[in-house]
Amino acid sequence: MVIAVALLGVTNLIVTGVIASSGDDAFIGKLRVDAIRSEYAAESTIIAALKQYQLDPSTPLTGTLSFPSGASASILDPLDAAPAEPGTVIVEGDAGQARRRLSVTLE
């Protein structure tokens, strides 16, 4: 009887440890997904800003873009309108708790 109770206690400790560690893994996985989504949102917005500059340099892309995944990206520093030199575009992507800031300089 004592051995059975001891085995149940050890089994309970093992199960509790596995459940606790899997919760941490799930949280870390969500943070990684958020980081990837924020980076892709920022990259996509930079591509959109460069494409808009190619199509019409007098009206650079500004504001915030939202994506179906829930991520968004804000243009912090848009490209300069023509006839000025285009300069640098700075974009910040957000998804969950992650935030990525990217910049591209045109010369």
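Miscellaneous remarks
- Condition met for Pro83 (in a loop (DSSP other than H, G, I, E, B), within 15 Å of Leu106 (Cα to Cα), in contact with an Asp or Glu (Cβ under 9 Å, 6 or more places away or on another chain) and not charged (D, E, K, R)): no
- Pick from region 81-98, criterion surrounded by fewer than 16 Cβ atoms within 10 Å (Cβ to Cβ) and of a type outside the set (A, V, I, L, M), ranking: farthest from Ser38 (Cα to Cα): Pro83
- The condition of being touching a Leu at 6+ places or on another chain (Cβ under 7 Å) and touching a residue at least 24 places away in the same chain (Cβ under 8 Å) holds for Glu92.
- Region 48-80, residues that are of a type in the set (Val, Ile, Thr), part of a loop (DSSP other than H, G, I, E, B) and closer than 30 Å to Asp34 by Cα: Thr62
Per-residue answers, yes or no, for (1) more than 24 Å from Gly93 (Cβ to Cβ); (2) β-branched (Val, Ile, Thr):
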{"position": "Arg32", "(1), (2)": "no, no"}
{"position": "Ile36", "(1), (2)": "no, yes"}
{"position": "Ser58", "(1), (2)": "yes, no"}
{"position": "Thr62", "(1), (2)": "no, yes"}
{"position": "Ser66", "(1), (2)": "no, no"}
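Bear in mind these aren't lab numbers, they're just calculated from the coordinates by the rules spelled out. This is a predicted model, so every value here is computed, not measured. Backbone-built Cβ (ideal geometry, glycine too); neighbour counts: all protein chains shown.
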